[in-house]
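Structure record follows, encoded as structure tokens.
The values are calculated or read from the model by the stated rules, or taken from the named source; none is laboratory data. Because the structure is a prediction, the values reported are computed rather than measured. Heads up, the Cβs are rebuilt from the backbone with ideal geometry, glycines too, and the neighbour counts pull from every protein chain shown. Calculation scope for accessible area: heavy atoms of the full protein, side chains included, ligands and nucleic acids excluded. Shrake-Rupley method; radii C 1.70, N 1.55, O 1.52, S 1.80 Å.
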Amino acid sequence: MTLYRMALRQQLVSWLIWVLVIVLGVATVVSAAPAVADSRALVTLLGGLPASMRALMGGPLMVERPVDGYLYVKLVMYLPLLVGIFAGFQASSLLAREMDHRRFDFLLGLPLTRRQLLLARLGALITSQAAMWLATVLALILFMRQQGLHPDVAGYLLVAYSGFLVTLVTSTGAVWASAGARDYGVAARWGLGIAAVPFVYDLAVRIATASKAWRYILPYGYYDPPHLLLTHEFPWASTLVLVAAAAVLTYGAVHAFERREV
Amino acid sequence: MTAAIQAENLQKIYGNGRGVLGIDLDIREGEIFGFLGPNGAGKTTTIRSLLGLTRLTGGRASIAGKDVVRESLDVRRATGYLPGDPALYDNMTGRKHLELALSLRGIRDRRHALGIAERLEVELDRRIRQLSRGNRQKVAILLALAHDPAVLLLDEPTSGLDPLAQDAFRDLLQEEKRRGKTIFFSSHVLPEVEAISDRVGIIRDGRLVAVDSVEGLRQSRLKEVHLRYRGEKPDFTSMTGVRGIEVQADSVRFRIAGGTGALWRLLAEYPPDDITITEPSLEEVFRAYYGGEPS
């Protein structure tokens with residue numbers, strides 16, 4: 001617990017900055033949402049798009065609930081990327097920066113295993129991501145209420161949970177990269193890449209005419225806010241797949257860190 | 001006396017072929033062992049290998065009877081470690097570091113640690129980033145000693161300390177020795193090693209080239225002999241161990257290795273007017289190992 005608390009404290013400042021940026025983004029996007037509440041123009045526009053683009057723009061969600069559809073296209077779709085970038089950078093500093101600064105000599109001179117050290121830090125990172133998702137969704141709900149809209153609280157909490165699972169995989173992957181990276185600069189690039197490249201890949205598959213099954217080889221494929229908002233179904237399958245993937249990546253990170261010269 | 005630190009053919013060879021190329025150590029309980037060598041000789045790698053911080057490429061080592069690889073946690077429980085150029089957390093105070101270290105070791109009683117902090121005048125309540133190099137070093141020393149370990153592995157411990165702090169630290173080490181602690185410390189400050197070590201090991205290019213007491217190392221090296229004569233001078237060339245004889249009109253100067261019994265017998269027959277025998281300093285011994293001076 002001591003190591004976990006220490007790691008949480010180390011992340012606090014960057015967490016606050018990142019949350020502030022996301023909340024400001026949420027406020028900006030939500031402030032324009034009332035304008036689309038009764039607009040049929042979006043629905044008309046959507047109707048003229050190819051099927052893949054319609055799906056990308058929220059599909060039935062945009063038709064049935066234009067405000068949520070608008071928020072999805074302008075904000076909610078990108079949240080795993082934004083939180084993922086935070087997770088990627090934090091994950092890379094979790095090990096690689098500490099190794100660069102040779103701080104592990106102090107910690108590993110204590111009776112601690114590398115596994116304990118890594119898991120405590122990863123635990124703190126996962127906690128900070130969960131808190132970031134919660135803060136983001138709470139901000140979204142509060143700003144929607146403040147704008148006189150009626151937020152789908154349960155639906156957005158499910159969206160936050162689903163997004164959290166995606167960033168869980170991103171962060172464990174980035175921690176693995178951090179454990180093996182030559183230095184912090186390399187680890188940070190890996191962290192950013194692990195967050196951004198799968199997002200771009202997912203976007204490309206969604207636009208392309210290729211089979212949508214290709215989406216499910218990377219975590220963003222399991223993030224489907226329109227479906228969650230319309231059905232309120234708990235994403236059991238996503239939970240199973242993404243938690244299993246995170247477990248495998250965590251095992252890999254521990255293994256890499258245990259073999260690593262620090 | 002049992003061995004507190006043992007190493008058999010300890011190897012840590014990096015990709016460039018450098019590192020520690022096979023070291024044997026046998027350091028007894030309650031001993032202060034000085035580990036001498038210039039930068040890059042393998043001192044830090046040896047210490048980190050002994051603590052299990054780096055993966056060995058060969059050989060084995062144990063501390064307090066525990067294998068440094070298989071029982072690494074037990075080794076670190078029994079050991080206080082001061083890294084060379086210790087990196088601490090800039091935004092944490094010394095006290096926070098101390099609390100973290102003691103908490104992770106499961107120690108609640110802070111009295112021993114605070115006693116050391118007082119003796120070394122450690123500034124516990126300032127952030128690390130606000131401390132000078134020497135004061136950071138004091139915090140790091142405190143962290144190594146705080147849990148009252150049986151074995152201390154100290155990498156360049158006096159680096160950055162002012163002379164007064166160095167004195168206080170040496171007194172502390174002597175006290176720890178009297179309390180039965182084993183101390184293994186690396187240094188390239190020769191007078192310091194000379195002053196406090198029971199034995200000294202000299203490492204060169206990853207190999208231990210000499211291990212002996214300070215006195216023993218001096219004895220093994222050449223002594224400088226300078227004799228003044230007004231009358232007849234004896235012939236020293238036939239004496240074993242004598243080198244570099246310079247004969248002047250009224251004096252003879254040479255270097256001699258090993259014991260001086262034969263010299264004294266000859267001098268009894270031919271008593272000189274004046275005699276000076278200079279023992280080599282540890283620095284000269286050290287330079288001889290590094291400079292290739294003939295022994």
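I want to confirm something. Restricting to the range A:1-35 and keeping residues that are among the hydroxyl-bearing types (Ser, Thr, Tyr) and over 18 Å from A:GLN90 (Cβ atoms), which single residue is farthest from the other protein chains (Cβ to nearest Cβ)? Among residues in the range A:1-35 that are among the hydroxyl-bearing types (Ser, Thr, Tyr) and over 18 Å from A:GLN90 (Cβ atoms), the one farthest from the other protein chains (Cβ to nearest Cβ) is A:SER31.
When A:MET77, A:MET57 are checked against the criterion of being within 15 Å of the chain's Cα centre (by Cα) and either without any contact (Cβ under 8 Å) to a residue 12 or more places away in the chain or open to solvent by 10 Å² or more (accessible area, probe 1.4 Å) (or both), A:MET77 stands alone in meeting it. Can you work out which of the residues in the range B:131-157 that are of a type in the set (A, V, I, L, M) and outside any helix (DSSP H, G or I) is farthest from B:LEU104 (Cα to Cα)? Among those residues, the one meeting the criterion is B:LEU131. Restricting to the range A:168-201, give me the number of residues that are within 18 Å of the chain's Cα centre (by Cα) and basic (Lys, Arg). Residues meeting the conditions: 1. Taken over the range B:237-260, the residue count meeting the criterion of being of a type in the set (Gly, Ala, Ser) and either in contact (Cβ under 8 Å) with a residue 40 or more places away in the chain or open to solvent by less than 40 Å² (accessible area, probe 1.4 Å) (or both) is 4.
Determine, yes or no, whether B:VAL68 is without any contact (Cβ under 8 Å) to a residue 24 or more places away in the chain and touching a strand residue (DSSP E or B) at 6+ places or on another chain (Cβ under 8 Å). Against the criterion (without any contact (Cβ under 8 Å) to a residue 24 or more places away in the chain and touching a strand residue (DSSP E or B) at 6+ places or on another chain (Cβ under 8 Å)), B:VAL68 qualifies. Exactly one residue among A:ASP100, A:ASP105, A:ASP68 is surrounded by fewer than 18 Cβ atoms within 10 Å (Cβ to Cβ) and among the charged types (D, E, K, R), and that residue is A:ASP100.
If you filter the range A:11-46 down to residues that are touching a residue at least 12 places away in the same chain (Cβ under 8 Å) and polar (S, T, N, Q), you find that the one that is nearest to B:LEU102 (Cα to Cα) is A:GLN11. Checked against (1) closer than 30 Å to B:LEU114 by Cα; (2) modelled with pLDDT of 90 or more; (3) open to solvent by 60 Å² or more (accessible area, probe 1.4 Å), B:HIS188 passes all but a single condition, namely (2). The sole residue among B:GLY180, B:GLY160 that is touching a Lys or Arg at 6+ places or on another chain (Cβ under 6 Å), in a loop (DSSP other than H, G, I, E, B) and more than 17 Å from A:ARG103 (Cα to Cα) is B:GLY160. Residue selection: A:LEU165 fails the criterion of being more than 17 Å from the chain's Cα centre (by Cα), assigned to a helix (DSSP H, G or I), within 24 Å of A:ILE141 (Cβ to Cβ) and touching a residue at least 12 places away in the same chain (Cβ under 8 Å). For the range B:81-91, a residue qualifies if it is within 8 Å of chain A (Cβ to nearest Cβ) and more than 24 Å from B:LEU21 (Cα to Cα), and the qualifying residues are B:PRO86, B:ALA87, B:LEU88, B:TYR89.
Scan the range B:8-24 for residues that are open to solvent by less than 10 Å² (accessible area, probe 1.4 Å) and under 16 Å from the mean Cα position of the chain (by Cα) and jot them down. Scanning the range B:8-24 gives a single hit, B:ILE23. Restricting attention to the range B:60-79, does a residue exist that is at pLDDT below 90, over 15 Å from the mean Cα position of the chain (by Cα) and of a type in the set (Ser, Thr, Tyr)? There is no residue in the range B:60-79 that is at pLDDT below 90, over 15 Å from the mean Cα position of the chain (by Cα) and of a type in the set (Ser, Thr, Tyr). Being within 14 Å of chain B (Cβ to nearest Cβ) and either crowded, with 17+ Cβ neighbours inside 10 Å or basic (Lys, Arg) (or both) is the requirement here; does A:PHE199 meet it? Criteria not met by A:PHE199. Under the condition of being assigned to a helix (DSSP H, G or I) and either among the basic types (Lys, Arg) or more than 14 Å from every other protein chain (Cβ to nearest Cβ) (or both), the residues counted in the range A:229-262 number 23.
Of all the criteria given as (1) surrounded by 15 or more Cβ atoms within 10 Å (Cβ to Cβ); (2) more than 11 Å from chain A (Cβ to nearest Cβ), the one not satisfied by B:ASP109 is (1). The criterion of at least 2 residues that are under 24 Å from B:LEU190 (Cβ atoms) and under 18 Å from the mean Cα position of the chain (by Cα) is met by the following helices (runs of 4 or more DSSP H) wholly inside the range B:206-293: B:214-220, B:282-291. The set of residues from the range B:41-70 being of a type in the set (D, E, K, R), open to solvent by 50 Å² or more (accessible area, probe 1.4 Å) and more than 11 Å from chain A (Cβ to nearest Cβ) comprises B:ARG60, B:LYS66, B:ARG70.
Being acidic (Asp, Glu), open to solvent by 50 Å² or more (accessible area, probe 1.4 Å), touching a helix residue (DSSP H, G or I) at 6+ places or on another chain (Cβ under 7 Å) and at pLDDT below 95 holds for only one residue in B:GLU175, B:GLU194, and it is B:GLU194.
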